[in-house]
1. Quickly run through segment 1-20 and pick out the residues that are over 21 Å from the mean Cα position of the chain (by Cα), among the aliphatic types (A, V, I, L, M) and surrounded by 10 or more Cβ atoms within 10 Å (Cβ to Cβ).
2. Can you name the number of the only condition in (1) in contact (Cβ under 8 Å) with a residue 24 or more places away in the chain; (2) in a helix (DSSP H, G or I); (3) over 24 Å from the mean Cα position of the chain (by Cα) that Thr23 fails?
3. Is there a residue being buried (at least 17 other Cβ atoms within 10 Å of the Cβ), without any contact (Cβ under 8 Å) to a residue 40 or more places away in the chain and either hydroxyl-bearing (Ser, Thr, Tyr) or more than 17 Å from Ser124 (Cβ to Cβ) (or both) anywhere in segment 66-79?
4. Hey, can you tell me all the residues within segment 26-44 that are touching a residue at least 40 places away in the same chain (Cβ under 8 Å), closer than 19 Å to Leu135 by Cα and not small (Gly, Ala, Ser)?
5. Of the residues Gly58, Gly54, which single one is open to solvent by less than 80 Å² (accessible area, probe 1.4 Å), free of Cβ contacts under 8 Å to residues at least 40 places away in the same chain and closer than 24 Å to Ser140 by Cα?
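The values are calculated or read from the model by the stated rules, or taken from the named source; none is laboratory data. Because the structure is a prediction, the values reported are computed rather than measured. Here the Cβ positions follow ideal geometry from the backbone for every residue, glycine too, while neighbour counts run over all protein chains shown. To get the accessible areas, we keep the full protein, side chains included, count just its heavy atoms, and leave off ligands, DNA and RNA. Shrake-Rupley method; radii C 1.70, N 1.55, O 1.52, S 1.80 Å.
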Amino acid sequence: MPSRTLPPPPPPVHLRTWPDRQTLLTDRGMALDELRRRQLGVHRLLLLWLCGFGGVVGWALLTTPLRLIEDEDATAFILGPVLALLGLAALAPGVIGVVLGLRSDRRARELTDAWLALDSHPASDARLRSPGLSLTWLLSSLAVCALGLWASFAAAAYAEPGRDTYADVALGMGVGLIVWLTGLIGAAKAVGHYRWALRKLGPAPTAGTHH
């Protein structure tokens, strides 16, 4: 499968040419495994954090002109527009990356549902639960959320008049908000996957369950 595109949907009924059910299940399993990796792979979590880091860098550049103005720096009229443009240039890819990632996840979920509806094979479908990856997404994202909230509140609560400027507070609160939103997106994705697995695959079998 192409590394940059999602697997195709199942072919229409009149175009299906699988010679037997085992061949169908093999192709189905390969597509579902790839879709699972595209949605919950560690590389997706790292890409989300990279988008968040780009947002932090962009916000830091955007608040720099405000600091120059507060310091009555004469270069603010020259460097301000340049830094603002650089900030937007750093911020925009992160926002676009998050939006495209969310759209890709929605499309991947639709494809997963289509391949699941093609047949049923509980033994292999159980891998779609991905409890380890889901937990990794959830715990790491909650930690990122906590870090973002701490940064925002600390910037507002511990600002010292005469020492910390409005630019400092704006920088701290903006960075905290971006970090919090990054973690929130990851946590929402983990919870959404858990709810989807519960709805589509049913409760996970408990230890000692006999079939």
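1. Result: Met1, single match.
2. Of everything listed in (1) in contact (Cβ under 8 Å) with a residue 24 or more places away in the chain; (2) in a helix (DSSP H, G or I); (3) over 24 Å from the mean Cα position of the chain (by Cα), Thr23 misses just condition (1).
3. Just the residues of segment 66-79 that are buried (at least 17 other Cβ atoms within 10 Å of the Cβ), to begin with: 66-68, 76.
Filter once more, keeping what is without any contact (Cβ under 8 Å) to a residue 40 or more places away in the chain: 68, 76.
Among the residues that remain, those that are also either hydroxyl-bearing (Ser, Thr, Tyr) or more than 17 Å from Ser124 (Cβ to Cβ) (or both) are: 68, 76.
Taking every residue of segment 66-79 in turn, at least one turns out to be buried (at least 17 other Cβ atoms within 10 Å of the Cβ), without any contact (Cβ under 8 Å) to a residue 40 or more places away in the chain and either hydroxyl-bearing (Ser, Thr, Tyr) or more than 17 Å from Ser124 (Cβ to Cβ) (or both).
4. Looking only at segment 26-44, we keep the residues that are touching a residue at least 40 places away in the same chain (Cβ under 8 Å), and these are 28-29, 31-33, 35-36, 38-42, 44.
If we keep only those that are closer than 19 Å to Leu135 by Cα as well, we get 33, 35-36, 38-42, 44.
Within segment 26-44, Asp33, Leu35, Arg36, Arg38, Gln39, Leu40, Val42, Arg44 qualify.
5. Sole residue among the options that is open to solvent by less than 80 Å² (accessible area, probe 1.4 Å), free of Cβ contacts under 8 Å to residues at least 40 places away in the same chain and closer than 24 Å to Ser140 by Cα: Gly58.
To keep it simple, each residue is scored yes or no on (1) at positive phi; (2) small (Gly, Ala, Ser).
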| position | (1), (2) |
| --- | --- |
| Trp59 | no, no |
| Thr75 | no, no |
| Leu100 | no, no |
| Thr112 | no, no |
| Ala117 | no, yes |
| Ala126 | no, yes |
| Ser130 | yes, yes |
| Leu133 | no, no |
| Trp150 | no, no |
